[in-house]
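The values are calculated or read from the model by the stated rules, or taken from the named source; none is laboratory data. Only a predicted model underlies this, so the values are computations on that prediction, with no experimental measurement involved. Cβ placement follows ideal geometry from the backbone for every residue including glycine, while neighbour counts extend to all protein chains displayed. Ligands, DNA and RNA are stripped out before the accessible areas are found, and what is left, the full protein with its side chains, is counted by its heavy atoms. Shrake-Rupley method; radii C 1.70, N 1.55, O 1.52, S 1.80 Å.
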Amino acid sequence: MTQRHLFSSAKAKSYGVFGFYLLMLTSLLHPVAAGAADITQQLHRPLNRSVGRQSRDEADSLLRVAEQQYASGYAEKAVDSGLQALDIYHLIGDLKAKSLTYNLLAKAYIELGRFKEGEDALRRRLAIARDTKDFQSQIFALNNLGTLLLQAGEPTAAGNTIQEAFTIANNVKNIEGEGLSLSNLGLVAARLGDYNKAIKLYETALAFRRRTRDAQGEINTLNNLGDAYLAAGNYADTIGTYGAAMRIAKTLGDRRNQLRAIDGLVTAHTAVERYERAFDLLQQRLIIAQELQNLREELNSFESYAKLYEQLGNYPTARNFYERAITLSQTLEDNKQEIFLRDRMTQMLRSQKPIIK
């Protein structure tokens, strides 16, 4: 097997689950906070007298603050503000507001890597939705719970949970919920290695998402579909699908999904030896990362450059990019990444064949 085939095969396999990790807030994966109190204790701790006098307006204000803190990247502060709001909503018996607050807390906990607490918050939201016969909230709570279970390595439980969401959405003719559920069922199929099934689910999900003009949902599903095509070795459809995702993401200003699409395109173009296009895309990637002043994404861009130059046998340039990536890993104080990059560079240098003159 040639070096190119080895490269494309390995990359294709790795991209089979790539969409799943980028979907979650995923993906993204942090250690659970040491000594974290059980969410049940936090959510039902004794109320002090001052809280009892607070009005609904104060609770609404706290929830808005929590949403702003989460959006700004301060998940820990969002949890604190959200729990304060939840105390008041619990006191006045506002189930709808409690459901919204549980949803925010779940996202914040997941962002912090506190998955058990995130799951508990989602289950509480789901219980309220069932009690109040709020079918839309049930659909989205089940989907969120399913993707969390998938991230936790429980694909069967995740599939059953998301299938329940799809059944509800189908029964009440909720097109948005059907599209979301089908897309997430595609993630489950991809996680289980059934890429043909995943492709069919994603393609069906796209039709629903386009019917509701859900551009953001369409981007996510397109990127997932690109991952599945890539894993299946269908490079022509891979390039077309990621390209569509990249264009929509650029129009919406969704830089995260734009970067994700570019990464998939770089891998696909490299696999079919379209190196010039791959380098053009990497240049776009680096520019976006620098405009965002996102050092992590700059590091990822340098690493991608290094790998491509290494594959092409241009070791001096590859080493230069590895060193630039290492410098950023030191700035970010990411010791694990620094060790990985140094090891990768060392292996590359050892594998070089001496030039015989």
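The figures follow:
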| quantity | calculated |
| --- | --- |
| Complete set of residues in segment 128-143 that are in a helix (DSSP H, G or I) and surrounded by 15 or more Cβ atoms within 10 Å (Cβ to Cβ) | I128, A129, F135, S137, Q138, I139, F140, A141, L142, N143 |
| Number of the condition not met by R285 [criteria: (1) in contact with a Ser or Thr (Cβ under 7 Å, 6 or more places away or on another chain); (2) within 19 Å of R342 (Cβ to Cβ); (3) at pLDDT 95 or above; (4) not small (G, A, S)] | (2) |
| Residue in segment 87-97 that is over 22 Å from N220 (Cα atoms), modelled with pLDDT of 90 or more and under 18 Å from the mean Cα position of the chain (by Cα) present | no |
| Given (1) at pLDDT below 95; (2) open to solvent by less than 40 Å² (accessible area, probe 1.4 Å); (3) of a type in the set (G, A, S), index of the condition A268 fails | (1) |
| Matching option when the condition is out of contact with any helix residue (DSSP H, G or I) (no Cβ under 9 Å at 6 or more places or on another chain) and over 17 Å from F140 (Cβ atoms), among G113, G82, G73 | G113 |
| Condition broken by G159, with the remaining ones in (1) modelled with pLDDT under 90; (2) surrounded by 18 or more Cβ atoms within 10 Å (Cβ to Cβ) satisfied | (1) |
| Hits in segment 64-75 - residues which are crowded, with 16+ Cβ neighbours inside 10 Å and in a helix (DSSP H, G or I) | V65, A66, E67, Q69, Y70, A75 |
| Out of L182, L148, sole residue that is at pLDDT 95 or above and open to solvent by less than 60 Å² (accessible area, probe 1.4 Å) | L182 |
| Filtered residues of segment 85-110 (kept if open to solvent by less than 80 Å² (accessible area, probe 1.4 Å), within 21 Å of Q136 (Cβ to Cβ) and charged (D, E, K, R)) | D94, K98, K107 |
| Some residue of segment 287-304 being of a type in the set (A, V, I, L, M), open to solvent by less than 50 Å² (accessible area, probe 1.4 Å) and farther than 23 Å from A271 by Cα | yes |
